[in-house]
Each structure stands twice: as C-alpha cells, then as structure tokens.
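Okay, structure first, notes after.
What follows is calculated from the coordinates using simple rules that are stated; it is not laboratory data. All figures in this text were calculated on a predicted structure; none of them were measured in a lab. Ideal geometry is used to build each Cβ from the backbone, glycine not excepted, and the neighbour counts take in all protein chains shown.
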Amino acid sequence: MASTGPLMVGGAKLQDSVLEWSKKSLNLYSTVFMIILIIFALFADKLPVEARWQLSTTAGRLLLLLLLYITNLVCGWHIALLFTIAVALVWAARPVFKPVGVPDFVLNGSVEGFGQGPNILRLGVEGFNDMKTTDATKPKWFIEKTLHENPIEIVEDRINTSAVQDNSAVANGRTSR
Amino acid sequence: MDSKPLILGLVVLLSLWNVLVATRIETPYPEMLVELYALPFTRLILLALVIALSMWDAQITILAALAFICLGADVIFLTK
C-alpha cells in the first residue's frame, strides 16, 4: 500500500525534521516561559525593590515593551497577555522613592557613586537624608485607621529653611524694583 | 448552543466592574477578596481563570485580565 504523505528524501527530509523539532521545541519553551511568567505575575510585588525601580524607569519600560512585542511575535497573544499582566503588576509595585543602592546615571555615561569609597554612600532620596524619626503615638490618625496602617515610627516632617542670601556686589540703586 | 448572549453578558458585567474600580479612588473591594488575594493560591486560581478564558473568548479575556491587574495594583498599593 502506498504512503499518503509526500515522499521526501535528503535535504527536504532533514528540513522537515528540523521544522518539526523546532515546533516541538517552541512548544516546550513556550510552556516553560508561561510557567515562569505565571510565577512572575503571582509574586511581582516580591521582586527586589531595586529591580522594580529599574524596570519602572524609562529604559526599563522601553525594554519591557520590546520584550512584550517579541513575546507576542514568538509565542502568541496568550503568553503576551500573561507577560502584560506581569509587567503591569511590576509597574504597579514601583517604589515611591528611589531606593538605597540604585546608582545615579549622569550624562557622560559614568556612574556616580560607584567605586568612590564608603564616604559617598547615599542614604535614600537626595534631600531627605538625616531625617529624624519618632515613635508612633496613640491614638492613631484618621488616615492610619482608614488605610489600616500600623506605623512603628514616623518621619519628622519639620524642615529647616533659611532665607535666600544675595551677597553679590552687582546690585545698585538704579535697578528698578 | 449559542454562547453569544453569555459572552455579551460577561462583557457587560466585566466592563461595569472595570469602570467601577477604575473611576473610584477608594475602590470598594469586598474585604474577603482583599484578604484572599494575599494568598498565592487565590492569585494562581484567578490567573488560571484568565488563562482558561483566553481559550474561549478574547474580549472576555482582556476584560478579565484588566480586572485582575486593577485588583492586583490596588491591593499592592493598599497593603504596601
């Protein structure tokens, strides 16, 4: 009895085998990638705070969008949707302030704060160093009750300011005020 | 059996839910849902539901995914 499939020999047979293998591999890779994405989406808010910050910067967002586009092209829209969910949850869990340990990138490409010894250690957000904290008092504030917050310490909100000083010698009486 | 009325009903329901949670600052999520969302198993079930819906209908899937993202984002924000 004759075979119903096309008769392929040599290069054509090899090509068919390669195509079949790549399809199976893509299925396998897609499944593994889907499992990774599910775990990523489930624990998006448990990512390290530095990673969440970096992925929420302009460069990080562009990178994630590029990866999303590639995922859609390679794996299809089901997995791209999972990727979208994971990315959205990572962006939602973006820290409000720049975390400690994230270097400042300056225009000439060098990294400020790296390899300059412990003296240049940054403490949190610029301008908010040396803040004093006090113990939380009872009863709780209304907003704390509403949001079910239980603060341990409160950052002091008093800021010392000084008047603008102008000691330059260029000012004179002809200046219109 | 024609599933168009069911799809239409779910689309309307999910759209209303998304409008409700997206247009109010203080989203009135049921307390039990917020408590359950803290468990990874619940999140897995919800995500599995979204994936299962993607085999059925694209419109419902996208709306369900949006609802899942809104819930996740709000719970992350409120429990930070």
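Count neighbours as other Cβ atoms within 10 Å of each site's Cβ, and list the chymotrypsin sites (Phe, Trp or Tyr not before Pro) in the stretch B:8-80 that are DSSP loop with at most 16 such neighbours. Please list the in-between numbers first.
On the way: sites: B:17, B:37, B:41, B:56, B:68, B:77; in loops: B:56.
Answer by residue number: B:56.
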Worksheet, complete the sentence: Where a ≥ b ≥ c are root eigenvalues of the Cα gyration tensor, a/c under 1.5 meaning rounded, otherwise prolate if a/b exceeds b/c and oblate otherwise, the stretch B:35-76 counts as oblate
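Mind checking A:70-82 for the average number of partner chain beta-carbons within 10 Å of each residue's beta-carbon? Let's see the in-between values first.
Numbers: counts 0, 0, 0, 0, 0, 0, 1, 4, 6, 2, 0, 8, 5.
That average works out to 2.
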Practice prompt. Ignore the peptide's own chain and count Cβ atoms of other chains within 10 Å of each Cβ in B:68-77; give me the average, rounded.
Written response: 5
Worksheet entry | Rh (Kirkwood; distinct C-alpha pairs) - the stretch B:4-78, Å | 12.9
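Ranking B:32, A:34 by Cβ neighbours within 10 Å, fewest first, what do you get?
On the way: B:32 8, A:34 16.
Arranged by neighbour count, lowest to highest, B:32, A:34 become B:32, A:34.
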Practice prompt. At 20 °C and 1.002 mPa s, grab the translational diffusion coefficient of the stretch A:16-92 from Stokes-Einstein with a Kirkwood Rh over Cα pairs, rounded to a whole number in µm² per second.
Written response: 161
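Rounded to the nearest 20 debye, what is the charge dipole size of the stretch B:4-78 about its Cα centre when +1 sits on each Lys and Arg Cβ and -1 on each Asp and Glu Cβ? Show your work: numbers first, answer last.
Details: 3 positive and 5 negative charges, 45 e Å.
Computed charge dipole of the stretch B:4-78: roughly 220 debye.
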